[in-house]
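The structure appears right after this line, and notes come after that.
Bear in mind these aren't lab numbers, they're just calculated from the coordinates by the rules spelled out. Since this is a predicted model, take the numbers as computed values, not measurements. Cβ placement follows ideal geometry from the backbone for every residue including glycine, while neighbour counts extend to all protein chains displayed.
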Amino acid sequence: AQSVTQLDSHVSVSEGTPVLLRCNYSSSYSPSLFWYVQHPNKGLQLLLKYTSAATLVKGINGFEAEFKKSETSFHLTKPSAHMSDAAEYFCVVSDANSGGYQKVTFGTGTKLQVIP
Amino acid sequence: ETGVTQTPRHLVMGMTNKKSLKCEQHLGHNAMYWYKQSAKKPLELMFVYSLEERVENNSVPSRFSPECPNSSHLFLHLHTLQPEDSALYLCASSQGGRVSTDTQYFGPGTRLTVL
């Protein structure tokens, strides 16, 4: 069984300050982990993914995430928030499914507000 | 924007109507997915097709009927829906297979309102 918990439903930061979006996961196997971003009325776009290589993963738009197995965490960070970062962010865990396809579980999302 | 397109982008229908949502992927992928996104709920996986074969039906009511005529196209046929079916319906595709590292690529979604 797998699950993912996004610890904050809303995060508010000032423009130019750091961003931290928290994600904890559970998985029976060695999972892959993803962060997606969704802007209003848009589909989901991949920010970054962890696939058992380097534990610090760099993504698009200056975001990065660190896989910490001992803490079962995959928090998303950015050193300096930009107004265009305001969106909803989803943490995702993925296992290979015995039925022959990828099993994916989404978190409930964190809405990031950036204050000018 | 992405290699996955969805039509229509917005749909309003009555409970007795029949309509279809269309998804097309231009990425050469072998797996396609339908998700339902409702307010304040996690993304819900509805159906998965792998190589045009349905491999997952996640306890979805029969008023939703998927169709995958080939690996590039996916439809969701809608019939006698309920107001609680109003949501954003997202289509996604991935390379396919058992690998957990696949990235799913999403379309922009269809905003469905059932009156």
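Tabulated data for the structure shown
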{"item": "Sorted peptide list for B:46-53, A:15-22, B:69-76, criterion being average Cβ within 10 angstrom, highest first", "result": "B:46-53, B:69-76, A:15-22"}
{"item": "Cα gyration tensor shape for chain A, rounded if a/c is under 1.5, else prolate or oblate", "result": "prolate"}
{"item": "Peptide B:55-67, shielding by other chains (average Cβ, 10 Å cutoff)", "result": "1"}
{"item": "Long-range lysine pairs (8 or more apart or interchain), the protein assembly as shown, Cα under 14 Å", "result": "6"}
{"item": "Alpha carbon centroid spacing (whole Å) that separates the stretch B:1-33 from the stretch B:41-115", "result": "9"}
{"item": "Residue-count net charge about B:Thr7 - beta-carbon cut-off 11 Å; Lys, Arg +1, Asp, Glu -1", "result": "+1"}
{"item": "Estimated Rh, chain B: Kirkwood, alpha-carbon pairs, angstrom", "result": "14.1"}
{"item": "Summed residue charge, Cβ within 14 Å of B:Leu78's Cβ, Lys/Arg positive, Asp/Glu negative", "result": "+3"}
{"item": "Semi-axes of the equivalent ellipsoid for the protein assembly as shown, Cα gyration tensor, largest first, Å", "result": "30, 21, 15"}
